[in-house]
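Below is one structure; the comments refer to it alone.
None of the figures in this text is laboratory data; all of them are computed from the coordinates on show. Predicted, not measured: the structure shown is a model, and the values here were computed from it. Cβ atoms come from the backbone with ideal geometry, glycine included; neighbour counts cover every protein chain shown.
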Amino acid sequence: MNVATPSSDVSERQRRITVSEYHRMIEAGILGEDEHVQLITGTMVAMKSKAALYARAGIPEYWIVNLAESTVEVHREPDPATGSYRARSVVPSGGTLTPTTVPAVRIDVADLFR
């Protein structure tokens, strides 16, 4: 697959979108229901690329809070060489989260959804 590289005289155009527009993109088939993206201040960011950036930077763990299922997806053990995480777990509501960098802290997952 060839990917065109924009020349320096072409500026990037960004457009903020609303949550409603995001849901319409799913309904229209532009995004898949299972496609992991974040809507951050109106900008859509693919989760996979963000996870790779975190892993390459050596971020020890990151969490994805799933509001629809009341769970937290936890990614740990980054591999900077591959840009991926070796460990993934899902903590349900009723479970407890313990950050690897602050092991004395305990977070009840249910408290995140109140």
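Just add up the charged neighbours of GLU21: K/R +1, D/E -1, any other residue whose Cβ is under 14 Å from the Cβ of GLU21.
+2
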Expected unfolding gain across ILE26-ALA87 under the 0.36 nm per residue rule, minus the alpha-carbon gap, is 19.1 nm
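Just add up the charged neighbours of LEU112: K/R +1, D/E -1, any other residue whose Cβ is under 15 Å from the Cβ of LEU112. Could the numbers behind the result be given before it?
Details: positive: ARG106, ARG114; negative: GLU69, GLU73, ASP108, ASP111.
Around LEU112, the surrounding residues sum to -2.
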For the range 19-112, the Rg and Dmax computed from alpha carbons only, in angstrom: 14.9, 46
